[in-house]
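The values are calculated or read from the model by the stated rules, or taken from the named source; none is laboratory data. All figures in this text were calculated on a predicted structure; none of them were measured in a lab. In this analysis, Cβ positions are derived from the backbone assuming ideal geometry, glycine residues included, and neighbour counts consider all displayed protein chains. Please note that ligands, DNA and RNA were not included when accessible areas were found on the heavy atoms of the full protein model with its side chains. Shrake-Rupley method; radii C 1.70, N 1.55, O 1.52, S 1.80 Å.
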Amino acid sequence: MDDSLWAGTATRIAETLGSTSTVLKLHGDNASVNLLECTDNLMVSAREQAWADDWHRKDLWVERSVAYGMSRIITDEDLVTREEQARSGFYQEWLRHLDIHHMIGAVFSAADGAIGVLGIHRPQGAGAYTGHERRQAALVLPHLQRALRLGQRFAAVSQSHAVTLQALDRLDTGVLMVDGAGRIIHASDMAERLLRENAELAVIRGRLALRPLALHDKLLALVRGAMDTARGKIAKPGAALSIPRPHRMPLALEVAPLRPSASAFGEQRPCVLVFIRDPEAPIAAARLRELFGLTRTEAAVAAALGRGISLEDIAANMGIGLATVRSHLKRILAKTGTHRQAEAAALLARSVSTVSNH
C-alpha cells in the first residue's frame, strides 16, 4: 500500500538468505520487464541499460522456472546443467558481469497476465543454496505475492481515482459528492469556486446549504430522493433546482444518485452527486479559436454569443459598432457551418461549456 516501505525489501531478503542480490520484477505478455525492487548492485549505467533490458527479457532462469512450475521454490541447479552454464551467454556474459552464479527464487502469477519473479543470488564461491534456505524462501514467497497483488490493485484504484478527480476539476460545472445528510465528501475546483463566489451557496458545519431556508429544504428533499435511488428504492420525482440570484441569471442545480459498486475491497457507500452550473460562466475564447479557426475578435464575439448576450450589448461591451459585430457574426456563421444566430449561439455554448480552462 505504501511505496516507500518497499524500498530496501530486496536488500533485507538478500541479507536474510546470505546472498548478495535480490530482484523482484514483472514480465509482461508483450516481453516488457518492470523492475519493481532490486539491490543496488543489480543496477546498470544508462549506457548499459539497453543491453541489460535485453538480458532481462531473455532471462533463462525465468523461462525455465515457468516450465518447472508456478509458485514453486527452485534453484539454479533445478534448471540448468553445468554443461549449459559453460556455453550459455546468459551465464558467461550477463551473470558474469553481475558476479552472480547461484540463484533461488520462484515465478508466480501477477495482475493483468504478468509473471512475477523473485530472484535471490550470490556468487559462485558462496556455494549452492541449501534445503534450509529453500524453506526460508518458501516462508516469504506467499506474503510477497499477496503484498504485490494488493499493491497492484491499490495502484490501479489510485490511478482511477486520480483520473476521476482530474476530470471533475476540468469541468466548468461544479460537482459535489455529498452523503444523505448533505455532508460534502468531495468538491471539484469549480464547485469550490462557485461556493466562494455565490452568497446563495454555503457550507455549514461541512454540509451544503442553500439560502433561503425554503430553497434548502427543497435541496434536502432532492438529496433524499437521490439516496433512495442509490439504495435501489423508488426515486422521488424532480431532481433539478433553480437558485435565484439578485440581478443575475439563476444558478442551475441538479442532483443525481451515485450507486455503490462492489470492488475487491468491499462495497462503496451510496452517495449523491450535486451539479451546479453558472450560465454566466465565461466561455473560453481561445478554445473557440482552435475549434473553428476564428480570429481573436471573432472568438470574443463568439464567446459572448455563447453566453446569450445580444449583438447590441456585444457592440457596447467591446466598444465597436453594431455593423461590425454583424459582420463578425456572418463570418462566425460561415466558419461554424451554422445559418442562424440562435443556432450558432447554441453550438458555441455547447462546444466548450463542458471543459474549463481554469
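Rounded to the nearest 10 degrees, what's the angle between the helix 322-336 long axis and the longest principal axis of the chain, both from Cα atoms, 0 to 90? Roughly 40 degrees between the two axes. Going toward the positive end of the dipole of the chain, with +1 on Lys and Arg Cβ and -1 on Asp and Glu Cβ, which of 139, 68, 328 do you reach last? Result: 328, furthest along the dipole toward the positive end. Backbone phi angles across region 298-304, fed through the Karplus curve with coefficients 6.51, -1.76 and 1.60 (θ = phi - 60°), yield HN-Hα couplings of 4, 5, 5, 5, 5, 4, 5 Hz in residue order; Gly and Pro are listed as x. Counting only aspartates and glutamates at least 8 places from residue 330 when in the same chain, those with an alpha carbon closer than 16 Å to its own are 298, 312, 343. For region 83-125, the Cβ-based charge dipole about the Cα centre amounts to some 120 debye (Lys, Arg positive; Asp, Glu negative; other atoms uncharged).
For 122, 205, 135, give me the order by solvent-accessible area with a 1.4 Å probe, most accessible first, ignoring ligands, DNA and RNA. Each step should come with its number before you reach the end.
On the way: 122 15, 205 230, 135 150 Å².
Per-residue accessible area, sorted high to low, gives 205, 135, 122.
Global size of region 174-215: 9.8, 27 Å for Rg and Dmax (C-alpha atoms, Rg to one decimal, Dmax whole).
Summarising the overall dimensions of region 131-249 from its C-alpha atoms, the Rg and Dmax are 22.7, 84 angstrom. Selection among 242, 34, 348 by position relative to the dipole of the chain gives 242 as farthest towards the positive end (Cβ unit charges, Cα centre).
For trypsin sites (Lys or Arg not before Pro), the sites in region 33-64 that DSSP calls loop and that have at most 14 other Cβ atoms within 10 Å are 58. Sparsely packed loop sites in region 300-343 (the trypsin sites (Lys or Arg not before Pro) outside DSSP H, G, I, E and B with at most 15 other Cβ atoms within 10 Å) comprise 340. Under a model in which nothing but the beta-carbon of Lys, Arg (+1) and Asp, Glu (-1) is charged, the chain shows a dipole of about 1640 debye around its Cα centre. Along its three principal directions, the equivalent ellipsoid of the chain from the Cα gyration tensor extends over semi-axes of 62, 29, 15 Å, largest first. As a ratio to 2.2 N^0.38 Å, the alpha-carbon radius of gyration for region 46-96 is 1.24. Working note: Karplus 6.51/-1.76/1.60 with θ = phi - 60° gives region 73-87 the couplings 6, 9, 10, 4, 5, 6, 10, 9, 7, 4, 5, 5, 4, 5, 10 Hz, where Gly and Pro are set to x. Protein heavy-atom accessible surface, 1.4 Å probe, per residue over the chain: 55 Å². With the Cα gyration tensor of region 46-152 giving a ≥ b ≥ c as the square roots of its eigenvalues, does the rule (a/c under 1.5 for rounded; else a/b larger than b/c for prolate; else oblate) give rounded, prolate or oblate? Oblate, because a/c is 1.5 or more while a/b does not exceed b/c. With R₀ set to 41 Å, the beta-carbon distance separating residue 49 from residue 249 gives a calculated FRET efficiency near 0.10. Backbone amide hydrogens, once placed in the peptide plane, bring residue 101 within less than 5 Å of 122, 124, excluding anything fewer than 5 places away on its chain.
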